[in-house]
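Trainee: Quick one: the structure is below, questions incoming.
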Amino acid sequence: MEEGDLIYVEYDIWMMPDDEDEEAMLFDTTDEEKAEEEEIHEEDASYGPVPVLLGSGNIMEGFEEALLEKEVGEEGSVEVPPEKGIGMREPDKIELFSRREMQRRDIDPVEGQEVEIDNRRGTIIQATAGRVRVDFNHPMAGRTLRYDFKIVDKPESIEDKAKAILTMDYTDLDFKIEETEEGLDVILPDQCKYDQSWFVVKYRVVSDLRDTLDLNHIRFIEEYIQEDEEEVDVEFEDLDDQELLDETDDEEETEEETEEEADEEAEEETDEEE
């Protein structure tokens, strides 16, 4: 592989133990069945091969180096040290909060609990009567990781590459992609019309599309289609309903006739009195 290649990869990421007597722990995988077996399955997660743009800086340096040495269909395994992975643990990312501050944020602190504070995810590593210590380091910081991987595909067409980039930068949705004489048209699914995250990532999508596909003209198209209203025919399910309606109509006609007769009698009485 070369930098700039767009590929699909399957992988398992194992966190290597500090003690040789311990076993490696599966941290992430593209295999849904394996995620269930190792009890790390997430209902909202997407599983299956993931698109990777080599040279973009979106994956761990050590993992990318291993991918560059392989071809489509080949498998590999590489151990990535912290300096070529997540990085080392940083002491200044461990912060102290008062329990009152935690209560103000609606957090009932328990050691080992994952929390989000000021848009930062961390883990509570100590909770006392008055103070709470939170570690904002990445869970894999300072750890050696093992990547077991396979390169399963390399898209070639403009449409397939564009689809891979959209999935990589945003998510896997039903984008309609059309190559035009000027460049590329992307018809957006409904979710993009209301998702704030799309408005943020679309600039990165444009950059990756231009760099990878050498495009100068890219259009994102929103479609608003009004569906024709269907005429609803009322059909009677059984005869009783029709008979009930007929009876109601007869009663209304009878009431109208009675009111007309009463009006005529009143007019005759008035004439006689005169």
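The values are calculated or read from the model by the stated rules, or taken from the named source; none is laboratory data. All values reported here derive from a predicted model rather than from experimental measurement. Cβ sites come from the backbone with ideal geometry, for glycine too, and all protein chains shown count toward neighbours. Surface accessibility is based on the protein's heavy atoms, side chains included, excluding ligands, DNA and RNA. Shrake-Rupley method; radii C 1.70, N 1.55, O 1.52, S 1.80 Å.
Trainee: Here is a list: Q226, Q191. Which entry is modelled with pLDDT under 85 and either touching a helix residue (DSSP H, G or I) at 6+ places or on another chain (Cβ under 7 Å) or more than 30 Å from E3 (Cβ to Cβ) (or both)?
Mentor: Q226
Trainee: Out of (1) open to solvent by 40 Å² or more (accessible area, probe 1.4 Å); (2) free of Cβ contacts under 8 Å to residues at least 60 places away in the same chain; (3) touching a strand residue (DSSP E or B) at 6+ places or on another chain (Cβ under 9 Å), what's the single condition that is false for V72?
Mentor: (2)
Trainee: Scan the stretch 123-144 and give yes if some residue there is open to solvent by less than 30 Å² (accessible area, probe 1.4 Å) and charged (D, E, K, R), otherwise no.
Mentor: Within the stretch 123-144, one or more residues are open to solvent by less than 30 Å² (accessible area, probe 1.4 Å) and charged (D, E, K, R).
Trainee: Restricting to the stretch 169-188, count the residues that are touching a helix residue (DSSP H, G or I) at 6+ places or on another chain (Cβ under 7 Å), surrounded by fewer than 15 Cβ atoms within 10 Å (Cβ to Cβ) and either closer than 25 Å to Y47 by Cβ or modelled with pLDDT of 95 or more (or both).
Mentor: 0
Trainee: Among the candidates E90, E79, E111, E95, single out the residue that is of a type in the set (D, E), touching a Leu at 6+ places or on another chain (Cβ under 9 Å) and either at pLDDT 95 or above or open to solvent by 70 Å² or more (accessible area, probe 1.4 Å) (or both).
Mentor: On the way: E90 fails: touching a Leu at 6+ places or on another chain (Cβ under 9 Å); E111 fails: touching a Leu at 6+ places or on another chain (Cβ under 9 Å); E95 fails: touching a Leu at 6+ places or on another chain (Cβ under 9 Å).
Exactly one residue qualifies, and that residue is E79.
Trainee: Would you confirm, using the coordinates I've provided, whether D135 is modelled with pLDDT under 95 and out of contact with any Cys (no Cβ under 7 Å at 6 or more places or on another chain)?
Mentor: no
Trainee: State which residue is modelled with the lowest pLDDT when the search covers only the stretch 25-37 and only residues that are open to solvent by less than 80 Å² (accessible area, probe 1.4 Å) and farther than 18 Å from Y170 by Cα. I'd like the intermediate steps shown before the answer.
Mentor: Going residue by residue through the stretch 25-37, those that are open to solvent by less than 80 Å² (accessible area, probe 1.4 Å) are 26-31, 34-35.
Checking which are farther than 18 Å from Y170 by Cα leaves us with 26-29, 31, 34-35.
Numbers: L26: 95, F27: 92, D28: 95, T29: 97, D31: 97, K34: 95, A35: 95.
Of everything passing the filter in the stretch 25-37, F27 is modelled with the lowest pLDDT.
Trainee: Could you check I40 against (1) open to solvent by less than 60 Å² (accessible area, probe 1.4 Å); (2) at pLDDT 95 or above; (3) more than 27 Å from V205 (Cβ to Cβ); (4) touching a Leu at 6+ places or on another chain (Cβ under 8 Å) and say which number it fails?
Mentor: For I40, the exception is condition (2).
Here is a yes/no grid of residues against (1) out of contact with any strand residue (DSSP E or B) (no Cβ under 7 Å at 6 or more places or on another chain); (2) closer than 27 Å to G73 by Cα:
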site: E111; (1), (2): no, no
site: Q126; (1), (2): no, no
site: G130; (1), (2): no, no
site: F136; (1), (2): no, no
site: R146; (1), (2): no, yes
site: Q196; (1), (2): yes, no
site: V206; (1), (2): no, no
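Trainee: Still on this structure, I have one more. Could you count how many residues in the stretch 118-144 are in contact with a Gly (Cβ under 9 Å, 6 or more places away or on another chain) and either under 19 Å from R100 (Cα atoms) or free of Cβ contacts under 8 Å to residues at least 60 places away in the same chain (or both)?
Mentor: The total comes to 9.
Trainee: Among the listed residues M1, M16, M60, M25, which satisfies the condition of being within 23 Å of the chain's Cα centre (by Cα) and hydrophobic (A, V, I, L, M, F, W, C)?
Mentor: M60
Trainee: Same structure again: Quick check on my filter: what residues within the stretch 43-60 are surrounded by 13 or more Cβ atoms within 10 Å (Cβ to Cβ) and not aromatic (F, W, Y)?
Mentor: Scanning the stretch 43-60 gives P49, V50, P51, V52, L53, L54, G55, S56, N58, I59, M60.
Trainee: If you go through the stretch 202-230, how many residues are open to solvent by less than 30 Å² (accessible area, probe 1.4 Å) and in contact with a Ser or Thr (Cβ under 9 Å, 6 or more places away or on another chain)?
Mentor: Qualifying residue count, the stretch 202-230: 1.
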